[in-house]
Amino acid sequence: MKVRTRSSAIIGTLCCLVASLALTTASADEPAAPRQAAKVTLKKVATAQSPIAGTAGPGGTVWIAERAGTVRVLDGAGLGRPVLDISGETTTDGERGLLGIAFDKEFAHFYISFTNRQGTSTVDEFAVRDGSIRPETRRTVLTQTQPYANHNGGDIKFGPDGYLYIAFGDGGSAGDPHGNGQKLDTLLGKLLRIDPSGAKPYAIPPDNPFVNDPNAKHEIWAYGLRNPWRFSFDAGTRDLLIGDVGQSAWEEIDWAPANSKGGENYGWSQMEGKHPFQGGTAPANHVPPIHEYDRTGRGCSVTGGYVYRGKAIPDLKGQYVFSDYCDGAVRALQMKNGKVTGVSDLGVNGGRVVSFAQGGDGELYVLDTRGSISRIDPA
């Protein structure tokens with residue numbers, strides 16, 4: 001899930017997938033003295049095998065995906081036995097595996113995002129009855145071939161509009177050798193928006209930004225992304241936030257308002273954050289990140305999170321919580337009208353933070369790829 005490789009396949013995978021976060025470095029347009037950080041602690045609630053993604057499930061549960069292909073349910077009794085196992089259909093080579101899971105709003109359908117054994121990104125759907133997956137209803141919604149084993153993206157979420165959003169990286173290697181980030185004739189390097197219930201295999205929402213462009217993929221909602229490892233919608237404002245992993249210098253967090261009509265160009269590979277990449281120039285329609293940080297001794301791969309809307313930590317309400325796979329520090333952005341007004345280190349470390357999960361009650365969980373699942377609690 002990350003952009004580069006290291007001696008450990010998982011570290012390399014996650015490092016490059018998620019972008020790196022710099023704690024103390026703020027962009028020039030951000031204040032130097034943010035308000036005091038909320039006081040939090042991490043309470044370990046379960047241990048899994050390389051947990052990689054999570055989503056709120058029926059009955060107050062949180063469903064957890066394990067990278068090798070299993071899905072387990074976290075409830076008050078702990079983490080249960082697998083309720084789904086596709087481990088024979090995927091591989092953990094490179095940055096591959098089971099990468100994302102999501103429910104629709106009614107918990108009537110469950111979706112998985114994974115790379116198959118040939119490396120093809122695949123989104124499948126299952127019907128859900130009485131809180132249980134119906135394996136016989138499985139169908140494939142969308143596939144996308146991947147030219148390399150990294151930058152698969154793979155995060156999936158239902159937006160406030162009821163449509164399914166799918167994040168794909170630029171296809172991999174390094175430096176976007178095929179220029180996919182800026183091309184509109186490929187799904188790579190994009191955030192997609194589809195209606196899986198509108199047709200088989202899916203329908204394209206009529207108000208998608210490129211539906212009238214014969215030279216563009218109509219599924220595209222936003223583009224110019226390198227490896228949007230994790231994205232989310234603010235449960236309070238419905239705004240969109242994307243953690244996009246950088247190449248070698250800058251990690252970024254992108255934002256779009258709830259009333260966006262789509263079509264945002266976040267700049268890759270002409271831009272890395274707010275900076276030209278290898279002689280590139282900012283596209284005329286470039287939407288710069290609301291936050292960026294460099295990698296000088298701080299991180300290597302940003303892990304996007306969620307705007308906190310729980311009740312347990314009032315001082316954290318409305319702040320965007322995120323981390324970095326390489327340094328593990330949990331941080332928060334204070335925001336107002338799409339502008340960052342402060343950046344704080346929450347003083348806890350989640351380890352190899354590969355993902356966050358948001359429960360139905362708005363509380364947040366931190367997933368460490370080494371196994372720990374922890375809830376962010378008040379200190």
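The values are calculated or read from the model by the stated rules, or taken from the named source; none is laboratory data. All figures in this text were calculated on a predicted structure; none of them were measured in a lab. Please note: Cβ atoms are built from the backbone with ideal geometry, for glycine as well, and neighbour counts cover all protein chains shown. Heads up: the accessible areas ignore ligands, DNA and RNA and are worked out on the full protein's heavy atoms, side chains in. Shrake-Rupley method; radii C 1.70, N 1.55, O 1.52, S 1.80 Å.
Key figures for this structure:
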{"item": "Reachable lysines from LYS311, criterion Cα separation under 17 angstrom, eight or more residues apart if same chain", "result": "LYS39, LYS43"}
{"item": "Surface per residue (accessible, 1.4 Å probe) for the stretch 50-132, Å²", "result": "37 Å²"}
{"item": "In sequence order, calculated HN-Hα J values of the stretch 170-180 (Karplus, 6.51, -1.76, 1.60; Hz; x Gly/Pro)", "result": "6, x, x, 6, 8, x, 6, x, 9, x, 5"}
{"item": "1.4 Å probe accessible area per residue over the stretch 226-322, in Å²", "result": "34 Å²"}
{"item": "Added length on full extension, which subtracts the Cα-Cα distance from 0.36 nm per residue, ALA284 to ARG370", "result": "26.8 nm"}
{"item": "DSSP-loop GluC sites (Glu not before Pro) across the stretch 54-113, with at most 12 other Cβ within 10 angstrom", "result": "GLU106"}
{"item": "With DNA, RNA and ligands ignored, accessible area of LYS274 (1.4 Å probe; Å², nearest 10)", "result": "60 Å²"}
{"item": "Alpha-carbon centroids, the stretch 338-379 and the stretch 269-326: separation in whole Å", "result": "15 Å"}
{"item": "Pair SER197, ASN349: separation of 7 Å Cα→Cβ label points (nm)", "result": "4.5 nm"}
{"item": "222 nm mean residue ellipticity, helices alone, for the chain (DSSP H n ≥ 4; -39,500 (n - 2.57); rounded to 500)", "result": "-500 deg cm²/dmol"}
{"item": "Approximate spin-label separation THR296-ASP213, in nm, with each point projected 7 Å along Cα-to-Cβ", "result": "3.7 nm"}
{"item": "Neighbour net charge for ASN116 - beta-carbon separation under 11 angstrom, K R +1, D E -1", "result": "0"}
{"item": "Carbon/sulfur fraction of accessible area - the chain, other protein chains in place, 1.4 Å, %", "result": "48 percent"}
{"item": "Residue with peak Gaussian network fluctuation, the chain [Cα springs, cutoff 10 Å], from GLY57, GLY172, GLY263", "result": "GLY263"}
{"item": "The stretch 132-137 - phi-based ³J(HN,Hα) in whole Hz, Karplus 6.51/-1.76/1.60, Gly and Pro as x", "result": "10, 5, 9, x, 5, 8"}
{"item": "Trypsin sites (Lys or Arg not before Pro) restricted to the stretch 61-130 and DSSP loop, no more than 15 other C-beta within 10 Å", "result": "LYS105, ARG117"}
{"item": "Whichever lysines have a C-alpha closer than 30 Å to that of LYS274, once near sequence neighbours (fewer than 8 apart) are set aside", "result": "LYS2, LYS157, LYS183, LYS190, LYS217, LYS261, LYS317, LYS336, LYS339"}
